[in-house]
Structure formats: C-alpha cells, structure tokens
1. What list of ³J(HN,Hα) couplings, whole Hz, do you get for segment 108-120 from phi and the Karplus terms 6.51, -1.76, 1.60, once you set θ to phi - 60° and write x for glycine and proline?
2. Are there chymotrypsin sites (Phe, Trp or Tyr not before Pro) in segment 36-103 that DSSP puts in a loop and that have at most 12 other Cβ atoms within 10 Å, and which ones?
3. Using a 1.4 Å probe over the heavy atoms of the protein chains, calculate the carbon and sulfur portion of the accessible area of the chain as a whole percent.
4. Accessible area per residue, 1.4 Å probe, Å², for segment 34-129: what's the number?
5. Would you mind checking the tilt of helix 36-58 against the longest principal axis of the Cα atoms of the chain, expressed as 0 to 90 degrees and rounded to 10?
6. Could you compute how fast segment 71-133 diffuses translationally, taking Rh as the Kirkwood radius over C-alpha pairs and applying Stokes-Einstein at 37 °C with viscosity 0.692 mPa s? Give it in µm² per second.
7. Under 5 Å between amide hydrogens, which residues at least 5 positions from Ala33 or on another chain qualify, with H placed 1.01 Å from N in the peptide plane?
8. Run the reach check for Lys121 against lysines, Cα to Cα strictly under 28 Å, same-chain hits fewer than 8 apart removed. What comes back?
Amino acid sequence: MEARVKWVEGLSFLGESASGHQVMMDGNAGDKAPSPMEMVLMAAGGCSAIDVVSILQKGRYDITDCEVKLTSQRREEAPRYFVKIHLHFIVTGNELTEKAVERAVQLSAEKYCSVALMLEKTVEVTHSFEIKN
C-alpha cells in the first residue's frame with residue numbers, strides 16, 4: 001500500500017491514496033479540514049463499522065443503519081498520542097438480536113479491524129453498542 005501527502009499552504013496538506021482518492025488534512029487544530037489525529041480516529045471508526053455491517057449482512061440480518069460514535073483521550077504533553085479510544089456502535093435494523101450485534105462488534109475488535117488492532121498495541125480501545133429497531 002502506498003500514499004502521498006502534499007503540502008498545500010499554511011498547515012494544510014492533501015493526502016492521496018494509491019487508489020486515487022484525495023482527502024484534506026489540517027495541522028492547524030482542524031481549522032480547514034480534519035487534523036491527522038482526527039483522521040486516525042475516524043479511520044478506526046470506519047474500519048470497525050465496515051466489519052460490523054459486513055458481518056451482520058453475511059448473517060442475513062436486515063441492517064438499515066450503523067453509526068459509530070468515537071470518544072478519545074490524548075496525552076497532555078507532546079507527543080499527544082491517544083491513550084484511550086472508545087467506539088460506541090448504534091446499529092439499526094429489523095429483528096436484530098443482541099447476540100448477533102455483540103458478536104459482530106467482538107469479531108471486529110478481536111480479529112478484523114486492522115486499524116483498531118494496530119492502535120490497541122499502545123492505546124486502550126473499548127467498545128459498546130446499542131440496537132435500534
């Protein structure tokens with residue numbers, strides 16, 4: 001996997017993936033675009049949400065929405081890396097069971113989400129979920 005990041009102006013940068021997609025990042029406290037740390041947090045949520053939706057769909061569950069609310073805590077001093085990240089899944093669908101959603105979240109957390117599993121080496125990552133029918 002490869003990517004490129006190019007300086008635009010000030011502390012704004014344009015990231016480009018090998019697949020040709022672009023995203024802006026801003027090192028000025030997210031003034032013009034998400035900061036790199038916000039991107040990391042969103043990447044963890046995106047990776048995990050993809051897993052949860054995919055697992056539930058493969059189980060033939062009628063899932064109509066999935067949202068992940070992420071909260072985090074960072075060190076006060078530099079380097080200000082994450083020390084805690086919590087992912088709270090809000091899964092909506094018809095006839096979803098607590099067992100199925102719990103299993104999907106657990107499989108993502110323990111086996112499939114590359115981003116969260118990588119972060120877990122140095123960050124306390126926790127998960128919770130709720131179901132809306």
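The values are calculated or read from the model by the stated rules, or taken from the named source; none is laboratory data. Since we're looking at a predicted model, the values are computed, not measured. A quick note on method: Cβ atoms are made from the backbone with ideal geometry, for glycine too, and the neighbour counts reach across all protein chains shown. Quick note on the areas: whole protein, heavy atoms, side chains included, nothing else; ligands and nucleic acids left out. Shrake-Rupley method; radii C 1.70, N 1.55, O 1.52, S 1.80 Å.
1. Result, rounded to whole Hz: 4, 5, 9, 9, 10, 6, 4, 5, 5, 5, 5, 5, 4.
2. Values: sites: Tyr61, Tyr81, Phe82, Phe89; in loops: Tyr61, Tyr81.
In loop regions of segment 36-103 (DSSP not H, G, I, E or B), the sparsely surrounded chymotrypsin sites (Phe, Trp or Tyr not before Pro) are Tyr81.
3. Details: 4590 of 8750 Å².
Roughly 52 percent of what the probe reaches on the chain is carbon or sulfur.
4. On the way: 5760 Å² over 96 residues.
Result: 60 Å² of accessible area for each residue.
5. 20 degrees
6. Numbers: Rh = 13.0 Å.
Translational D for this selection: 253 µm²/s.
7. Asp26
8. Output for Lys121: Lys69, Lys84, Lys99, Lys111.
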